[in-house]
Amino acid sequence: MDGPVFVVGNAFIEGAIREASFSCDLPACKGACCCLAGWRGAPLADDEVREIELAYPVIRKYLPPRSVATIEARGLVEGQPGDYATECVDEKECVFVYFEDGIAKCSFERAYLEGSLSWRKPLSCHLFPVRIRFTGREVLHYDEIPECTGGRSRGKAEGVRLYAFLRDSLVRRFGPEWYEEFREQCEDGSPGTR
């Protein structure tokens with residue numbers, strides 16, 4: 001683990017999460033986190049594969065033709081139990097991305113916000129720019145990528161702390177009681193020992 005950590009429940013949290021300011025700035029980044037070059041898409045929990053299979057008939061209409069062609073050729077996800085990820089188009093954008101005014105957006109989240117799905121999107125996407133690493137325990141790591149410079153600047157300008165920006169996704173993963181303890185530790189800087 002990099003730098004100082006604190007503990008909430010069974011999770012180790014890297015200290016940078018406590019200190020950082022962040023608020024997504026889509027006009028600045030153009031949804032870069034959905035289009036990072038590399039050989040894998042968003043990491044998935046095993047149970048999320050079934051959610052994606054159920055959601056695909058709903059979200060297919062939002063997808064560009066090359067995403068649909070990629071899915072038809074390679075499938076919705078790649079990997080194996082314990083190590084799944086979304087498929088990518090040309091080893092870049094996630095196959096579930098659609099573009100609006102040049103900005104990459106998530107088709108799952110669109111359907112969720114429109115009321116067509118009850119599942120929002122993969123947890124790894126919802127938590128970004130925080131990633132969960134597994135090293136015997138869950139470790140929350142702040143993935144400070146250059147593409148998110150606009151989000152860091154906007155967070156500072158608007159006074160939005162990373163831990164507050166991620167409230168919904170952290171509650172989704174750990175529950176409201178965990179989040180309240182986490183928030184308190186972020187605000188007062190005390191080390192957690194729960």
Quiz item: Since Ile59 meets every condition but one in (1) surrounded by fewer than 17 Cβ atoms within 10 Å (Cβ to Cβ); (2) in a helix (DSSP H, G or I); (3) not aromatic (Phe, Trp, Tyr), which condition does it not meet?
Solution: (1)
Quiz prompt | Odd one out for Gly79 among (1) in contact with a Phe, Trp or Tyr (Cβ under 8 Å, 6 or more places away or on another chain); (2) over 13 Å from Cys34 (Cβ atoms) | solution = (1)
Practice problem: Just give me the residues in region 112-137 being assigned to a helix (DSSP H, G or I), of a type outside the set (S, T, N, Q) and closer than 21 Å to Ala37 by Cβ, in sequence order. | Solution: Cys125, Leu127
Quiz item: Which of the helices (runs of 4 or more DSSP H) contained wholly in region 149-194 include at least 3 residues that are modelled with pLDDT under 95 and in contact with a strand residue (DSSP E or B) (Cβ under 9 Å, 6 or more places away or on another chain)?
Solution: 176-188
Quiz prompt | Criterion violated by Asp83 - all others in (1) among the charged types (D, E, K, R); (2) crowded, with 16+ Cβ neighbours inside 10 Å; (3) within 21 Å of Arg137 (Cβ to Cβ) satisfied | solution = (2)
Quiz item: Here are Glu91, Glu109, Glu144: which of them is of a type in the set (Asp, Glu), under 30 Å from Arg18 (Cα atoms) and outside any helix (DSSP H, G or I)?
Solution: Glu144
Quiz item: Name the pairs whose Cβ atoms lie under 6 Å apart, with the first residue in region 4-21 and under 17 Å from Asp143 (Cβ atoms), the second among the basic types (Lys, Arg), and 6 or more positions between them or separate chains?
Solution: Phe12/Arg137; Ser21/Lys156; Ser21/Arg161
Exercise. Go through region 126-151 and give me each residue that's touching a Pro at 6+ places or on another chain (Cβ under 9 Å) and either buried (at least 19 other Cβ atoms within 10 Å of the Cβ) or among the acidic types (Asp, Glu) (or both).
Key: Tyr142, Asp143, Glu144, Cys148, Gly151
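The values are calculated or read from the model by the stated rules, or taken from the named source; none is laboratory data. This one's a predicted model, so the numbers in the text were calculated from it and none came from an experiment. FYI the Cβ positions are ideal-geometry reconstructions off the backbone, even for glycines, and counts take in every protein chain you see.
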